[in-house]
Every structure is written in structure tokens, then in C-alpha cells.
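The values are calculated or read from the model by the stated rules, or taken from the named source; none is laboratory data. Predicted model, so just to flag it, every value in this text is computed and none were measured. All Cβ positions, glycine included, derive from the backbone under ideal geometry; neighbour counts span all protein chains shown. Just the protein is used for accessible areas: all its heavy atoms, side chains included, with ligands, DNA and RNA removed. Shrake-Rupley method; radii C 1.70, N 1.55, O 1.52, S 1.80 Å.
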Amino acid sequence: MELNFPDIDGPVAQRGIGIIAPFDLALERELWRWAPLEVSLHLARTPYEPVPVSVEMAELVSDATHLTAATRNVLHVDPEVIAYLCTSGSFIKGLEYEKSLCDTIRQAGALDAITTSGALVEAIRALDLTRLSVITPYDAILTGKLHEFLAEVGCTVIRSDHLGLGGGIWKVSYRTIAERILNADDPDSEAIFVSCTNLPTYDLIDPLEQALGKPVLTANQLTMWACLGRMKLPMMGPGKWLRDVF
């Protein structure tokens, strides 16, 4: 009997991205939607911490020991880049700390490294942004730490909104997120940044960019954009301003 395979030499050669995620990440499926067919994502998680989303949690999930162990857990599949997929954990102590997290991941054996906040910095510079609106699911204190991080990069926060959630961030509805993004917009803002890799945003980006006429930058989008850019691969999905950069 003759078998009619579409490509007997397949499957498509795999290229890997390592993902270090906080223990509570619930949006793995959203990450995959950004990836081209030949890219596989290999996830490792930081240890469980019994604290609400807060400054304390951001510090705990960005501990260098945890990042080192998580990096080593994905090295055996040869990822081309490893991303620390956490916004608050990578902005919590400023720009130098964000750079130190990448150094930690590289020292643990990664070929290249990026963090979500580092990807945000790259997008700000690539798009020449100086004035942002910001929406976060955090409390006021943690949101303020994001403002401080953006100030280090040379960005002024024109308007800001936060949901004040201590957990269950992935359960927030698209309607709520869209309303908050629209309310956070300001004529003087050059773009809107939506923080937190656990806040669902994928299907909102295109319609909101069309409605507002400016970039809507989200945490998972930026992280995948930065990883794929290092691999010289196109980013799938929404984000026309970012796609024009790489």
C-alpha cells in the first residue's frame, strides 16, 4: 500500500524560544498565537509564592536563583533565545536590574535573553516614543513602579489606569480591558502600553489600534516581537507598528 504523506522529510525544522514564566501564568495559548509555524515555545515556571500580585510578588518571581534554575530547565531543547515573561518582575527595581536579569539568564547558559520590560524599552526606542498612556491590572504602588521605570527610559506617563487586582488577572474580560484602554487614551499619548503578561489582549489590539490611530503595545506581544526579531522571523498576529520595525 502506498502512503501519500504531504512531506516525508518533515516535520518543519523546529526553532525554539524558551519562556520563563511566573508560577501563575494562565495565557500560554495567547503566546502561541504570535508564533510562526516553525517556532516552538518551551516553558519553565518560577516556584509558587503564596502572596497576592504586588511589589513583594514581583520581587520574589524575579529572584536570580529562580531564573537560573528555570533557564537550565529549558536549555536541553536548544532555544535560540530565552525570555523572562513577566512585566512587573522585570521593571520592579529599574533599568539596571532589568539588565541584570538578562545577564543572569545568559550566565545560566542561554544564547540570548530578553525580558518583557526590556522588550518594552526596545519598542519605545524603535518607535521613538516619549509619551505613553498606561493601563495595568496592579495596585497603585506597583503601577507607580512602572511609571518610575518608564521615566528612566525617558518616557512620560500622560494618563494611567489600574485595576487593583491581587490575583485572577487572566479572568478579566475583553470588554473591561477594552473600556479601560479607551479611557486611558489621551490626545498627547503617542501609544498605549498594557502591562502584565497575564492580562488577555490579543484580539483587542487590531480593533483598538484602528479606532485610536496609535500603537497599542501589550506585554505578551512585545515579548514575542523581541524574541522573533532576534531570530529574524516575522511576528504573527496584530501589531502593525511593531511589524514595520523588524
The chain: Lys pairs at Cα distance under 19 angstrom, eight or more positions apart or on different chains: 4
Efficiency of FRET from Cβ geometry, ALA126 and HIS76, R₀ 41 Å, rounded to 0.05: 0.80
Gain on full stretching of the segment that runs from VAL245 to ARG159 - 0.36 nm per residue minus C-alpha separation: 28.4 nm
Net charge of Cβ neighbours under 14 Å - reference LYS240; Lys, Arg +1; Asp, Glu -1: -1
The stretch 120-218, relative contact order in percent, only Cα pairs under 8 angstrom and at least six apart counted: 32 percent
Residues LEU182 and GLN14, FRET efficiency given R0 of 35 Å [Cβ-Cβ distance, rounded to 0.05]: 0.35
Computed label-point distance, nm, for sites GLN210 and TRP32 using a 7 Å Cα→Cβ extension: 2.7 nm
Estimated FRET transfer efficiency when R0 is 35 angstrom, pair LYS232-ALA64 (beta carbons, to 0.05): 0.75
Gyration tensor (alpha-carbon) shape descriptor, the stretch 157-210, a/c threshold 1.5: oblate
Quotient of Cα Rg and 2.2 N^0.38 Å for the chain, N being how many residues it contains: 1.00
Whole-percent carbon and sulfur share, accessible surface of the stretch 100-246, 1.4 Å: 48 percent
The stretch 22-165: proportion of alpha-carbon pairs further apart than 23 angstrom, %: 37 percent
Cα gyration tensor, the stretch 13-80 - rounded (a/c under 1.5), prolate or oblate: oblate
Residue-count net charge about SER173 - beta-carbon cut-off 13 Å; Lys, Arg +1, Asp, Glu -1: +1
Full-stretch length increase - GLU56, ALA151 - with 0.36 nm per residue and alpha-carbon distance subtracted: 32.1 nm
Convex hull of Cα atoms in the stretch 120-218, direction-averaged projection (nm²): 5.7 nm²
Contact order normalised by residue count of the chain, Cα under 8 Å, 6+ apart, percent: 21 percent
For ALA113, residues with placed amide H under 5 Å, excluding near neighbours: ILE82
Per-residue HN-Hα couplings for the stretch 51-61 [Karplus 6.51, -1.76, 1.60; θ = phi - 60°; Hz; x = Gly/Pro]: 9, x, 4, 5, 4, 4, 4, 4, 6, 5, 7
Angle in degrees between helix 174-184 and the longest Cα principal axis of the chain, rounded to the nearest 10: 50 degrees
1.4 Å probe accessible area per residue over the chain, in Å²: 45 Å²
